[in-house]
Amino acid sequence: MAIKTHKRKKVSRMHGRKMGTHGWGARKKHKKSGHRGGTGMAGTGKRGDQKITLITKLYGHEYFGKQGITSRKTKRDTRQRINLQQIEKNLEKYGKKTTKGWEINLEKYKILGEGEIKEKLIIKAREASESAIKKVKKAGGEIILSKENDSEDEDNEEEE
């Protein structure tokens, strides 16, 4: 004949003398959210040192400290820029090879002259620095600037 065993429920096993913690260790450890400095993102402000690990894990290191421009009148320069060095490294990503050379369409970018070029590049861009234009011409290519800048250049020539 098999003996039927009856396992007591955890509630009844964990109450009584020297317990009162129900498996949470010390009594002071199992309290409400005030013990943790609040639930969720509470207490993550300027002096939220106890929550730094949580925040850096979620948002990275840009969460704390000041960012940006304080003056409301100042407009941030949002133009995109790219160096010749980056274009040279990632030619397949930015353009396609033709009989004339590499044709690259970067109409929203300003081309900057960092780095050296070996390939012949034909780049369509919004703006370009003088050094970038010189380097591209030296390699046998050209930078075609968009119409926005051409109209500005024409206005300047008429004034002179």
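General observations
- Scanning region 44-96 for residues being under 23 Å from Glu130 (Cα atoms) and small (Gly, Ala, Ser) gives a total of 1.
- Restricting attention to region 74-95 and to residues that are within 20 Å of Leu145 (Cβ to Cβ) and of a type in the set (D, E, K, R), the residue that is surrounded by the most Cβ atoms within 10 Å (Cβ to Cβ) turns out to be Glu88.
- Applying a threshold of 9 Å to beta carbon distances and a minimum spacing of six or more residues, or different chains, the list of pairs starting in region 56-69 at a residue that is within 10 Å of Lys46 (Cα to Cα) and in contact (Cβ under 8 Å) with a residue 12 or more places away in the chain and ending at one that is in a loop (DSSP other than H, G, I, E, B) and of a type in the set (Lys, Arg) reads Phe64/Lys46.
- Taking the listed residues Lys4, Lys28, the one that is over 21 Å from the mean Cα position of the chain (by Cα), farther than 30 Å from Lys147 by Cβ and in a helix (DSSP H, G or I) is Lys28, with no other qualifying.
- Residue that is farthest from the chain's Cα centre (by Cα), among those in region 55-113 that are in a loop (DSSP other than H, G, I, E, B) and β-branched (Val, Ile, Thr): Thr99
Just so you know, all these numbers are worked out from the coordinates, no wet-lab data involved. These numbers were taken from a predicted model, which means no experiment stands behind them. Methodologically, a virtual Cβ is constructed for each residue, glycine included, from the backbone with ideal geometry; neighbour enumeration extends over all protein chains shown.
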